[in-house]
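Step one of this worksheet: look at the structure below.
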Amino acid sequence: MHCKIRKWKLSDAKALSDTLSSGKIQQNLRDGLPFPYTEQDGKDYISSVLSADTDITFAFAITVQDKAIGSISVLRQSNIHRQTAELGYYIAEEYWGKGIMTDAVRQICRYVFDNSDIIRIYAEPFAFNTASCRVLEKAGFQYEGTLRSNAVKNGRIIDMKLYSLLKSEIGG
């Protein structure tokens with residue numbers, strides 16, 4: 001199954017709401033998202049990314065046959081890290097385990113490296129999220145280490161893993 005990343009459309013809000021109303025997805029994301037996630041929440045998010053500075057926020061819908069099934073973004077950091085960016089992503093449960101996320105990660109990294117001065121993209125999945133770690137490894141990211149007791153999620157202190165991909169590593 002192939003996916004494409006594209007700019008968000010306001011018409012994607014319902015699909016976004018359906019995806020983010022899953023507790024299984026939200027347990028793997030940072031706090032701060034409403035639960036359940038409403039269609040209005042989706043419209044608000046989409047409006048914010050469509051109006052964001054496109055040199056700082058690279059945010060796309062992950063689509064299959066033009067249906068939004070998830071989200072992927074790369075956010076530029078600041079100060080001495082201004083050429084570094086953080087990657088975040090999720091897709092609807094029904095699309096898990098099909099290679100779609102690895103494909104989307106490759107697409108956004110290529111896009112960011114080709115269209116900006118970013119030299120390093122990193123991700124910090126929760127250590128217990130082995131599927132997300134595997135996505136990054138399959139997409140060419142290098143494991144840099146474990147960030148011990150780095151977060152509190154659902155009342156538990158958890159480790160996170162640090163992965164990165166350098167522009168010089170993807171060739172082309």
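The values are calculated or read from the model by the stated rules, or taken from the named source; none is laboratory data. Here the structure is a predicted model, which is why all the values come from computation and not from measurement. Cβ coordinates were reconstructed from backbone atoms using ideal geometry, including for glycine residues, and neighbour counts include every protein chain displayed. What goes into the accessible areas is simple: the full protein's heavy atoms, side chains included, and nothing from ligands, DNA or RNA. Shrake-Rupley method; radii C 1.70, N 1.55, O 1.52, S 1.80 Å.
The residues of region 60-82 that are open to solvent by 60 Å² or more (accessible area, probe 1.4 Å) and touching a helix residue (DSSP H, G or I) at 6+ places or on another chain (Cβ under 9 Å) amount to a single one, Lys67. Among residues of region 150-171 that are free of Cβ contacts under 8 Å to residues at least 24 places away in the same chain, those with a Cβ under 6 angstrom from a residue that is not in a loop (DSSP other than H, G, I, E, B), sequence gap 6+ or separate chain, pair up as Ile157/Ser149.
Every listed requirement among (1) without any contact (Cβ under 8 Å) to a residue 24 or more places away in the chain; (2) aromatic (Phe, Trp, Tyr); (3) assigned to a strand (DSSP E or B) is met by Phe35 save one, (3).
Filter region 147-167 for residues that are over 15 Å from Pro125 (Cα atoms) and modelled with pLDDT of 95 or more; which is most open to solvent (accessible area, probe 1.4 Å)? The extreme case among them is Lys167. Is one or more of the residues making up region 128-146 in a strand (DSSP E or B), surrounded by 15 or more Cβ atoms within 10 Å (Cβ to Cβ) and without any contact (Cβ under 8 Å) to a residue 60 or more places away in the chain? There is no residue in region 128-146 that is in a strand (DSSP E or B), surrounded by 15 or more Cβ atoms within 10 Å (Cβ to Cβ) and without any contact (Cβ under 8 Å) to a residue 60 or more places away in the chain. Mind checking which residues of region 15-32 are surrounded by 14 or more Cβ atoms within 10 Å (Cβ to Cβ), of a type outside the set (A, V, I, L, M, F, W, C) and part of a helix (DSSP H, G or I)? Correct list: Ser17, Asp18, Thr19, Gln26.
On inspection, Ile100 qualifies as among the β-branched types (Val, Ile, Thr), open to solvent by less than 20 Å² (accessible area, probe 1.4 Å) and under 17 Å from Asn28 (Cβ atoms). Restricting to region 33-59, name every residue that is of a type in the set (Ser, Thr, Tyr) and either modelled with pLDDT under 95 or open to solvent by 40 Å² or more (accessible area, probe 1.4 Å) (or both). Answer for region 33-59, where residues must be of a type in the set (Ser, Thr, Tyr) and either modelled with pLDDT under 95 or open to solvent by 40 Å² or more (accessible area, probe 1.4 Å) (or both): Tyr37, Thr38, Tyr45, Ser47, Ser48, Ser51, Thr54.
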